[in-house]
Each structure stands twice: as C-alpha cells, then as structure tokens.
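For reference, the structure is listed below as structure tokens.
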Amino acid sequence: MAKEQLKLNNQLCFPLYAATREMTKRYQPLLKELDVTYPQYLVLLVLWEEEIITVKALGNRLYLDSGTLTPMLKRMEDRGILTRRRSIEDERVVEVELTALGKEKEHLAEEIPTKFIEGTKLTEEEYHQLKVILTKLMQKPD
C-alpha cells in the first residue's frame, strides 16, 4: 500500500498538470480564427504589449528556453506574423517585432480572454484568487 503522501490524489502537481492540459484544449477552438497554437498565442500576447522585445526577454516572460522559443518564432516569421532581426547595438541580440499581420490579429483576439473565463465556470473572485496562487507558484525559490 502506497504511503499517504504518494497517492495521486494527494499531489498538487497532478491537478496542475491536468488543468493545464484541459486549459490548452479549451483554448484551441478560441484560437482557430487567429490560426495560431496556444504557445504562439502567448508570444502574441507579449508582443501586443511590447513593440519590440529581445528573444531572451521574451523567453524570460514566457518561461521558455531558446531551444523551444526559436523554432516557434521561426514558424511565426515564416507565416508573416513577426520578424526577427539582429540588434543594431549588439549583433548577438535578436529582436522580435510584429508585422502588420501580427498586429491585425490583436483585434481578432479581443474576446478570447472573456470567452475563456466564461468557459471555466469560475467566479470572478475565484479566477483572481487562482491567478494569484499560480503566480506565487511560478516564483523561483530563493
């Protein structure tokens, strides 16, 4: 018999994992009109906030390493959503910027957060509490 702390139902990691998979699945129909994947949507969210951002800063914001981020950015660039270029100040730095097409997608995305939240069945208070708790979990230990 498994020790109590080793039971699946007593793990925090499992509901987080399952909820993340479910959340990503729920975003798929909402992202159809944008014609992007969920990770690409996250890139767009950052780029709609920032006009130009370095790949390193983008990776930090999204908690993604360059090995994951670079191929995704290349696919988005190939589709005309964004451009990547070397910084004028430092050639080692790559900057990312939305194209006109990438900027147009923001208008298509305006209702996505509301539709997603409505689909969760969480109250506004529960939604904000959960966001605060998850943000706390994302912080790196000292």
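The values are calculated or read from the model by the stated rules, or taken from the named source; none is laboratory data. On a predicted model such as this, the values are computed, not experimentally measured, just so you know. Using ideal geometry, Cβ is built from the backbone for each residue, glycine included, and neighbour counts are taken over all protein chains shown.
Computed quantities for the displayed model
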{"read-out": "Odd one out for residue 13 among (1) within 17 Å of the chain's Cα centre (by Cα); (2) closer than 23 Å to residue 127 by Cβ; (3) not polar (S, T, N, Q)", "value": "(1)"}
{"read-out": "Of the criteria (1) of a type outside the set (S, T, N, Q); (2) under 20 Å from residue 139 (Cα atoms); (3) not in a helix (DSSP H, G or I), which one residue 14 fails", "value": "(3)"}
{"read-out": "Hits in region 29-55 (condition: polar (S, T, N, Q) and more than 25 Å from residue 137 (Cα to Cα))", "value": "54"}
{"read-out": "Some residue of region 82-94 being among the hydroxyl-bearing types (Ser, Thr, Tyr), within 30 Å of residue 15 (Cβ to Cβ), at pLDDT 95 or above and surrounded by 10 or more Cβ atoms within 10 Å (Cβ to Cβ)", "value": "no"}
{"read-out": "Filtered residues of region 80-98 (kept if closer than 23 Å to residue 41 by Cβ and either under 19 Å from the mean Cα position of the chain (by Cα) or assigned to a strand (DSSP E or B) (or both))", "value": "81, 82, 83, 84, 85, 94, 95, 96, 97, 98"}
{"read-out": "Cβ-Cβ under 9 Å pairs, at least 6 apart or on other chains, region 34-58 side touching a residue at least 24 places away in the same chain (Cβ under 8 Å), far side surrounded by fewer than 14 Cβ atoms within 10 Å (Cβ to Cβ) and part of a loop (DSSP other than H, G, I, E, B)", "value": "54/87"}
{"read-out": "Subset of region 109-125 (residues that are at pLDDT below 95, surrounded by 11 or more Cβ atoms within 10 Å (Cβ to Cβ) and either in a helix (DSSP H, G or I) or in contact with an Asp or Glu (Cβ under 8 Å, 6 or more places away or on another chain) (or both))", "value": "113, 115, 116, 117, 119, 120"}
{"read-out": "Subset of region 62-73 (residues that are part of a helix (DSSP H, G or I) and either loosely packed, with under 12 Cβ neighbours inside 10 Å or of a type in the set (Ser, Thr, Tyr) (or both))", "value": "66, 67, 68, 70, 71"}
{"read-out": "Among residues of region 17-61, those that are surrounded by 13 or more Cβ atoms within 10 Å (Cβ to Cβ) and under 21 Å from residue 79 (Cα atoms), counted", "value": "24"}
